[in-house]
Amino acid sequence: MASRIYIAVSSFARQAPEPLNILKQSGLRVDINTTGRRLTKEEVTGNAKGYHGIIAGLEPYDAQVLEALPDLKCISRCGVGVDNIDLGAADKKGIKIFTTPDVVVQPVVELTLAMILNLLRKITQQDRSMRGHQWQRMIGSQLAGKTVGIIGLGRIGRKVAETLLLLGARVVGYDVHPDRIWAEGCGVSLVDFDEVLSRCDILTLHLAAKAGDHFVLSSRHFQAMKEGALLINVARGAFVDEKALLEALQQGHLSGAGLDVFQQEPYAGPLSGCPQVVLTPHVGSFTQESRVAMEMEAAQNIIGFFNR
Ligand code: 8YV
């Protein structure tokens, strides 16, 4: 009997039909989330019951959900973060997890750069002002010569560093297991966490998203940063204390933030009322090119697993 696959990603195959076609052609029986949005815990348990494989987005797969899905053998993430999956529980139940770590790098790097340049040149603020029929020129500042601090030097953090260096920025970085040879080769200064905070003009977070992570940027961290510094977070909302960030912005200690991810998504909190914040709705990897590549890879991973 053909294995049954549930595609929980509501936007799956919206950009191109191939990912869905290869699943069907491989003989798997496929159903898709038609709600048009991220599923709740209850919906995952209800909708995915009886399926052997799931192509997953960011909906939750905690121990309780996995327990309620006894037929599940494989979760193929369309993305790289696994903070929505209880890996320990999955391992105990023998559920194989796949991710798509390489294709998300370029779009996330580009969004990071877009956030930095937008904030430095106040693009969104001036756009808003012009829509209010004002001709108000706001002085910007340049990236070249600025020090960018990167927390997390995995695939994405390293590529962000390399791109920024090409544009004339200086880069200081921190990672628990840094690649010293890489850092030396490209001119990234590896320093401890506190030194990243105190030296950078712009701080950008690129930590891996795993369930049970406890790193949170809080008010003492913001206070340790330079007056007027910028924060970029395109990694995960859980890494930033949003209340403390709002205070640091309102006090003028930080001069701006670029946020793509939030503690609670969809986000509709007070940071949206802050003029010096640029917000996007978790679109780090959401480009035409990378969505198709991610979906193809997620589909191939699950096909490979069931047709082995
Ligand atoms: C995806 C992400 O859009 O890769 C990740 O972890 O957060 C994003 O690239 C998300 O996983 C939805 O598929």
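At least 1 residues being more than 21 Å from the chain's Cα centre (by Cα), crowded, with 16+ Cβ neighbours inside 10 Å and modelled with pLDDT of 95 or more is the threshold, and among the strands (runs of 3 or more DSSP E) wholly inside region 225-308 those reaching it are 229-233, 254-259. Among the residues of region 26-46, those that are open to solvent by 50 Å² or more (accessible area, probe 1.4 Å), out of contact with any Asp or Glu (no Cβ under 8 Å at 6 or more places or on another chain) and more than 16 Å from the ligand (Cβ to nearest atom) comprise 29, 31, 34, 42, 46.
All conditions but one from (1) outside the structural domain of residue 148 (by TED's automatic domain parsing); (2) open to solvent by less than 70 Å² (accessible area, probe 1.4 Å) apply to residue 67; the one that does not is (2).
Contact map, region 168-190: residues that are over 16 Å from residue 149 (Cβ atoms) and of a type in the set (Asp, Glu) paired with residues that are open to solvent by 50 Å² or more (accessible area, probe 1.4 Å) and part of a helix (DSSP H, G or I), Cβ distance under 8 Å, separation 6+ or inter-chain. Pairs shown: 179/158. Quick check, is residue 136 in a helix (DSSP H, G or I), open to solvent by 40 Å² or more (accessible area, probe 1.4 Å) and over 24 Å from residue 103 (Cα atoms)? Spelling it out, it is not the case that residue 136 is in a helix (DSSP H, G or I), open to solvent by 40 Å² or more (accessible area, probe 1.4 Å) and over 24 Å from residue 103 (Cα atoms). Scanning region 1-24 for residues that are outside any helix (DSSP H, G or I), of a type in the set (A, V, I, L, M) and surrounded by 13 or more Cβ atoms within 10 Å (Cβ to Cβ) gives 5, 7, 8, 9, 13, 16. Confirm whether residue 176 is β-branched (Val, Ile, Thr), open to solvent by less than 10 Å² (accessible area, probe 1.4 Å) and away from the ligand (no atom under 16 Å from the Cβ). Criteria not met by residue 176.
The values are calculated or read from the model by the stated rules, or taken from the named source; none is laboratory data. A quick note: this is a predicted structure, and the numbers were derived from the prediction, not measured. A quick note on method: Cβ atoms are made from the backbone with ideal geometry, for glycine too, and the neighbour counts reach across all protein chains shown. Only protein heavy atoms, including side chains, enter the accessible area calculation; ligands, DNA and RNA are left aside. Shrake-Rupley method; radii C 1.70, N 1.55, O 1.52, S 1.80 Å.
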